[in-house]
Amino acid sequence: KLGPENGAKVVAHAWVDPEYKQRLLANGSAAISELGFGGVQGDYMVVVENTAEIHNVTVCTLCSCYPWPVLGLPPTWYKSAPYRSRIVIEPRVVLKEFGLAIPDSKEVRVWDSNNEVRYLGLPERPAGTDGWWEERLAEIVTRDSMIGTAVCAVP
């Protein structure tokens, strides 16, 4: 029961339940545990929301601290020295290399995980998904969209 499907369920639930979303942003660990996810590498979770004005991306500059309970195993690139150093210095350039161009009008915030706190990005809900049920929404949430190197899109 480890993997990005867990995080996708958290995101989809936040998209359809405004009260849950508020709890998630106020206390990520507690809200995530409401859905049965938590444990080692996810003891203290902070959820940061992507909006029309702000795009969040996560990294662990020291090693590879990563929220395993909601994202599963980290991708190789997440642990690589180039990603860990460059995303902090030139986030827009790195994100563009991932295929994600962030407009200059949008602020980019980089969140640095450590051995005490892990970050989970709450992606923006794509337009055209009104009326979708939670399970269908979860299908469009990717690991990379929760790290911040991608966005959710309607297929």
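A few comments on the model shown:
- Near pairs, Cβ below 7 angstrom, 6+ apart or cross-chain, from segment 115-129 (farther than 11 Å from C152 by Cβ) to any residue that is in a loop (DSSP other than H, G, I, E, B) and open to solvent by less than 60 Å² (accessible area, probe 1.4 Å): N115/C65; R118/G42; R118/C65; R118/Y66; R118/P67; Y119/S113; L120/P67
- Test: residue in segment 69-79 that is among the aromatic types (F, W, Y) and either open to solvent by 60 Å² or more (accessible area, probe 1.4 Å) or in a helix (DSSP H, G or I) (or both): yes
- Any hit, segment 119-126, residues being touching a Pro at 6+ places or on another chain (Cβ under 9 Å) and surrounded by 11 or more Cβ atoms within 10 Å (Cβ to Cβ): yes
- Reported count of residues in segment 1-36, each being surrounded by fewer than 19 Cβ atoms within 10 Å (Cβ to Cβ) and of a type in the set (V, I, T), is 1.
- Residues that are in a loop (DSSP other than H, G, I, E, B) and in contact with a strand residue (DSSP E or B) (Cβ under 7 Å, 6 or more places away or on another chain) were ranked within segment 80-118; the one that is nearest to V151 (Cα to Cα) is I102.
- Single condition T58 does not satisfy, out of (1) touching a strand residue (DSSP E or B) at 6+ places or on another chain (Cβ under 8 Å); (2) surrounded by 16 or more Cβ atoms within 10 Å (Cβ to Cβ); (3) free of Cβ contacts under 8 Å to residues at least 40 places away in the same chain; (4) of a type outside the set (F, W, Y): (3)
The values are calculated or read from the model by the stated rules, or taken from the named source; none is laboratory data. Since the model is a prediction, treat every value here as computed from it, not as a measurement. Positions of Cβ are backbone-derived with ideal geometry, glycine not excepted, and every protein chain shown enters the neighbour counts. These area figures cover heavy atoms from the full protein model, side chains too; ligands, DNA and RNA do not enter into them. Shrake-Rupley method; radii C 1.70, N 1.55, O 1.52, S 1.80 Å.
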